[in-house]
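The values are calculated or read from the model by the stated rules, or taken from the named source; none is laboratory data. Note that the coordinates shown come from a computational prediction; the quantities given were computed from them, not determined experimentally. Using ideal geometry, Cβ is built from the backbone for each residue, glycine included, and neighbour counts are taken over all protein chains shown. These area figures cover heavy atoms from the full protein model, side chains too; ligands, DNA and RNA do not enter into them. Shrake-Rupley method; radii C 1.70, N 1.55, O 1.52, S 1.80 Å.
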Amino acid sequence: MSGFLIRPATPEDADNILQLIVDLAVYEKAPDAVKATPDLLRQNIFEKQYAHALLAMNGDKPVGLALYFFNYSTWTGRPGLYLEDLYVAPECRKLGLGKAFFGELGKIAKETNCARMDWSVLKWNQPSIDFYEKKLGAKPMSEWMGMRLEEDGIDGLQSLVLEAGPSGSPA
């Protein structure tokens, strides 16, 4: 992995972070899904700190991104680290950057007393699944199913508040 450096991203990296997000979206066959802008990234990652980002650099060129945030486990009573996205440019894959990213994330998880690290992987992404299981020893969570509400669904939750009685339960 000679010549590569993994470092925390800075607000000045927002354009590069966005480009890596776009590259990831193309890889995941969803190029039109990216709505992020450099301003949104600066605001939400660096000002409000809703997430954190690590960049892999090859000299001055960004070639990888790990974007993560902290969650909380009621069962362990401790924080967890959730890896939202990991991307390595195609020309830099199989050079150890994935392992290096996980090494850095593991350090962060230990420093912040995280009980676990979680992430999702697309079911068709067999190279990543193989890496996670064989190289990292990660275990799939087959008993859990991911659920999501997007903006329209979140907006729809407001009607539940109106339907709730004084105790917060449905009237």
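I need the full set of residues from the stretch 101-123 which are open to solvent by 80 Å² or more (accessible area, probe 1.4 Å) and in contact (Cβ under 8 Å) with a residue 12 or more places away in the chain, in order please. Full working, then the answer.
As a first pass, look at the stretch 101-123 and keep what is open to solvent by 80 Å² or more (accessible area, probe 1.4 Å): 107, 110-111, 113, 116, 120, 123.
Result: 113, 116, 120.
So which residues in the stretch 5-58 are assigned to a loop (DSSP other than H, G, I, E, B), open to solvent by 60 Å² or more (accessible area, probe 1.4 Å) and at pLDDT 95 or above? Spell out how you get there, then give the answer.
Restricting attention to the stretch 5-58, the residues satisfying the condition of being assigned to a loop (DSSP other than H, G, I, E, B) are 9-10, 28-30, 34-37, 48-51.
From what's left, open to solvent by 60 Å² or more (accessible area, probe 1.4 Å): 28-29, 35, 48-50.
Matches in the stretch 5-58: 35, 48, 49, 50.
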Among residues of the stretch 73-85 being without any contact (Cβ under 8 Å) to a residue 40 or more places away in the chain and under 19 Å from residue 130 (Cα atoms), the residue least open to solvent (accessible area, probe 1.4 Å) is 83
Of the residues in the stretch 131-156, those that are of a type outside the set (A, V, I, L, M, F, W, C) and in contact (Cβ under 8 Å) with a residue 24 or more places away in the chain number 2
Looking across the stretch 124-152 at residues that are charged (D, E, K, R) and more than 28 Å from residue 104 (Cβ to Cβ), the single one that is surrounded by the fewest Cβ atoms within 10 Å (Cβ to Cβ) is 143
The helices (runs of 4 or more DSSP H) lying wholly within the stretch 59-171 that contain at least 3 residues that are under 27 Å from residue 20 (Cβ atoms) and at pLDDT 90 or above are 97-111, 126-130
Quick check on the stretch 92-99. Is at least one of its residues open to solvent by less than 60 Å² (accessible area, probe 1.4 Å), touching a helix residue (DSSP H, G or I) at 6+ places or on another chain (Cβ under 6 Å) and among the hydrophobic types (A, V, I, L, M, F, W, C)?
no
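Within the stretch 66-90, which residues are of a type outside the set (A, V, I, L, M, F, W, C) and within 22 Å of residue 14 (Cα to Cα)?
The first filter runs over the stretch 66-90 and keeps only residues of a type outside the set (A, V, I, L, M, F, W, C), leaving 68, 71-74, 76-80, 82, 84-85, 87, 90.
Scanning the stretch 66-90 gives 68, 82, 84, 85, 87, 90.
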